[in-house]
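J.: I have a structure I would like to understand better, so I am pasting it below and will then ask my questions one at a time.
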């Protein structure tokens, strides 16, 4: 079966959420001087393609390491919302049998441009409530966030332990449904983590 990598590159040119530091990569050792190559990486837990755990915004929210591995793979529905003003319940349809919903907004086409954080399509509170009602494990989108301050849609999802994937890429390469795999780092006290995300189509 073919696979599609949905992961944004993590480099010094990776866009950082406004107010967050950009990733930094420095050289610790080189083959010519030390006999091996080694680099030091500095980035936050919500950098590049990453997953948000409830602890990201809820003081008593579940941490990422508290979720079983079975929460990180399953059947995904891909929903094209590009051109819409918002993502509401009318976008969802029947999600029975799906573990994940991936919203294709088209925002990732601007990922390495100055206007990446402008004119995004956001999830409404009613849309978040509909995802809760339909029992989704996690949502993902090819944008930097499903909502803006005060992050009410985030919190609606988090209160029901629904995870959030942000900064996905190449969702336009996916059919209407696929099998999704999410591979976060094994961190402790984790509010989130950069991760490798790919689909089997």
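J.: In this structure, is residue 94 touching a strand residue (DSSP E or B) at 6+ places or on another chain (Cβ under 7 Å) and either surrounded by fewer than 16 Cβ atoms within 10 Å (Cβ to Cβ) or in a loop (DSSP other than H, G, I, E, B) (or both)? Show your work before the answer.
T.: Details: touching a strand residue (DSSP E or B) at 6+ places or on another chain (Cβ under 7 Å): no; either surrounded by fewer than 16 Cβ atoms within 10 Å (Cβ to Cβ) or in a loop (DSSP other than H, G, I, E, B) (or both): yes.
So residue 94 does not fit the description; no.
J.: When the range 35-54 is examined, which residues are found to be in contact (Cβ under 8 Å) with a residue 12 or more places away in the chain and outside any strand (DSSP E or B)? I'd like the intermediate steps shown before the answer.
T.: Of all residues in the range 35-54, those in contact (Cβ under 8 Å) with a residue 12 or more places away in the chain come to 39-54.
If the condition is that a residue be in contact (Cβ under 8 Å) with a residue 12 or more places away in the chain and outside any strand (DSSP E or B), then 43, 44, 45, 46, 47, 48, 49, 53, 54 are the ones that fit.
J.: Which pairs do you get when a residue that is more than 13 Å from residue 138 (Cα to Cα), found in the range 180-191, comes within reach of a residue that is part of a strand (DSSP E or B), reach meaning Cβ atoms under 6 angstrom, with the pair 6+ apart or on two chains?
T.: 183/195; 183/196; 184/51; 184/193; 184/195; 185/193; 187/193
J.: Is it the case that residue 136 is out of contact with any helix residue (DSSP H, G or I) (no Cβ under 7 Å at 6 or more places or on another chain) and either surrounded by fewer than 24 Cβ atoms within 10 Å (Cβ to Cβ) or part of a helix (DSSP H, G or I) (or both)? If you could, list the steps in order and put the result at the bottom.
T.: Details: out of contact with any helix residue (DSSP H, G or I) (no Cβ under 7 Å at 6 or more places or on another chain): yes; either surrounded by fewer than 24 Cβ atoms within 10 Å (Cβ to Cβ) or part of a helix (DSSP H, G or I) (or both): yes.
The answer is yes for residue 136.
Per-residue answers, yes or no, for (1) touching a helix residue (DSSP H, G or I) at 6+ places or on another chain (Cβ under 9 Å); (2) within 28 Å of residue 154 (Cα to Cα):
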position: 28; (1), (2): yes, no
position: 35; (1), (2): no, no
position: 40; (1), (2): no, no
position: 46; (1), (2): yes, yes
position: 54; (1), (2): yes, yes
position: 61; (1), (2): yes, yes
position: 65; (1), (2): no, yes
position: 76; (1), (2): no, yes
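Computed from the coordinates by the stated procedures, all read-outs in this text should not be read as laboratory data. Since the model is a prediction, treat every value here as computed from it, not as a measurement. Counting neighbours? That spans all protein chains shown, and the Cβs are built from the backbone with ideal geometry, glycine included.
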